[in-house]
Protein chains: 2
Amino acid sequence: MPDTAIDPDFGFTSDELDPEKCPVRQVLAQVGGKWTVLILELLQHGPRRFNALGRAIPDISKRMLTQTLRDLERDGLVSREVFPTKPPSVQYALTPLGVDLMKAMGGLLDWAWTNFDKVKTARDVYDATP
Amino acid sequence: MPDTAIDPDFGFTSDELDPEKCPVRQVLAQVGGKWTVLILELLQHGPRRFNALGRAIPDISKRMLTQTLRDLERDGLVSREVFPTKPPSVQYALTPLGVDLMKAMGGLLDWAWTNFDKVKTARDVYDATP
DNA sequence: TGTATAGGTCTCATTTAGAGACCGTTGCTG
DNA sequence: CAGCAACGGTCTCTAAATGAGACCTATACA
């Protein structure tokens with residue numbers, strides 16, 4: 001549904017919602033990933049190694065664990081450090097930027113814990129009325 | 001990577017991360033959707049109709065707009081009201097629960113606006129070093 | 001010798017998202 | 001009165017993301 005210039009219903013320039021330019025969209029594309037916040041939460045407990053994270057998340061595959069960590073590293077939210085043990089071990093940790101992000105997420109996480117029962121109820125009601 | 005009982009690295013019961021039981025995972029699965037927050041933000045400006053939302057989001061398809069709105073309605077975050085005009089018009093609005101969620105998201109959205117340049121820089125650096 | 005651990009990669013099947021045609025009803029325009 | 005546009009969707013088909021799990025190299029321990 002392409003539209004140029006100014007939106008008649010809201011008065012935005014379309015730039016403000018341009019996927020490439022809107023920070024919210026860019027950040028949420030990452031943070032909204034299925035595993036992202038879970039991993040960030042675990043790393044709040046301190047640095048952890050690859051397989052420790054894998055063990056902690058019951059249903060993640062190595063493939064997705066690798067990929068999510070790579071993306072977080074790319075965005076500067078997580079650091080990756082290799083230790084020359086045999087076999088080599090790899091430690092992941094939150095960067096200061098990552099710590100900051102998790103602080104900013106606090107409100108949302110609290111909301112999730114305190115309000116999820118309401119969401120669940122709403123779902124049940126909705127599903128029960130065909 | 002299935003694991004039962006207590007995680008040795010963290011000390012969680014696996015229940016706390018069980019996809020079905022963890023509120024954070026459940027809420028983020030919704031909120032993390034590509035269009036969800038965008039739509040909620042638009043609805044903060046007041047109730048809007050289906051096609052108004054479609055016009056405001058340059059690159060959403062009707063299919064995804066429908067689906068995202070349905071999911072939000074199911075979760076009790078958005079209300080849907082049909083007016084018997086010809087042709088019928090449909091108005092979407094935030095529910096009190098939706099308003100509350102958006103308040104809780106404030107921190108994250110602010111973070112996105114003020115810190116996205118850092119993320120972007122980190123990305124450029126990462127991509128430049130093969 | 002045989003098995004386990006480390007941190008991944010690779011392939012293939014399944015799931016989800018996206019583009020865009022289509023639909024029925026109505027009103028406006030020529 | 002014919003034709004087109006707008007309302008709010010649904011339907012089909014394709015493309016992209018995700019998931020399961022086999023495989024890899026090197027070392028240590030039994």
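The values are calculated or read from the model by the stated rules, or taken from the named source; none is laboratory data. The model shown is predicted, which means the values in this text are computed figures rather than measured ones. Glycine also receives a Cβ, built like all others from the backbone with ideal geometry; neighbour counts cover every protein chain displayed. These accessible areas exclude ligands, DNA and RNA; they are computed on the full protein's heavy atoms, side chains included. Shrake-Rupley method; radii C 1.70, N 1.55, O 1.52, S 1.80 Å.
Do we find that A:ARG80 is modelled with pLDDT of 90 or more, open to solvent by 50 Å² or more (accessible area, probe 1.4 Å), at the interface with chain B (Cβ under 10 Å from one of its Cβ atoms) and farther than 26 Å from B:TRP35 by Cβ in this structure?
Working: modelled with pLDDT of 90 or more: yes; open to solvent by 50 Å² or more (accessible area, probe 1.4 Å): yes; at the interface with chain B (Cβ under 10 Å from one of its Cβ atoms): no; farther than 26 Å from B:TRP35 by Cβ: yes.
Here the answer is no, as A:ARG80 does not meet what is asked.
Any residue in the stretch A:74-81 that is closer than 30 Å to B:LEU97 by Cβ and not hydroxyl-bearing (Ser, Thr, Tyr)? Within the stretch A:74-81, one or more residues are closer than 30 Å to B:LEU97 by Cβ and not hydroxyl-bearing (Ser, Thr, Tyr). Give the residue that is nearest to DNA strand C (Cβ to nearest atom), with candidates limited to residues of the stretch A:33-56 that are of a type in the set (S, T, N, Q) and open to solvent by 20 Å² or more (accessible area, probe 1.4 Å). Among them, the one singled out is A:ASN51.
Take A:LEU65 and decide whether it is of a type outside the set (Asp, Glu), away from DNA strand C (no atom under 12 Å from the Cβ), out of contact with any Asp or Glu (no Cβ under 6 Å at 6 or more places or on another chain) and at pLDDT 95 or above. No: the conditions fail for A:LEU65. Could you list, in sequence order, the residues of the stretch B:50-72 that are more than 9 Å from chain A (Cβ to nearest Cβ) and more than 8 Å from DNA strand D (Cβ to nearest atom)? Residues satisfying the conditions are B:MET64, B:THR68, B:ASP71, B:LEU72. Quick one: is B:GLY106 crowded, with 17+ Cβ neighbours inside 10 Å, more than 16 Å from DNA strand C (Cβ to nearest atom) and of a type in the set (Gly, Ala, Ser)? Considered against the rule, which asks whether it is crowded, with 17+ Cβ neighbours inside 10 Å, more than 16 Å from DNA strand C (Cβ to nearest atom) and of a type in the set (Gly, Ala, Ser), B:GLY106 comes out as no. Within the stretch A:9-28, restricting attention to residues that are in contact with a Lys or Arg (Cβ under 7 Å, 6 or more places away or on another chain) and at the interface with another protein chain (Cβ under 7 Å from one of its Cβ atoms), the residue that is modelled with the highest pLDDT is A:ASP9.
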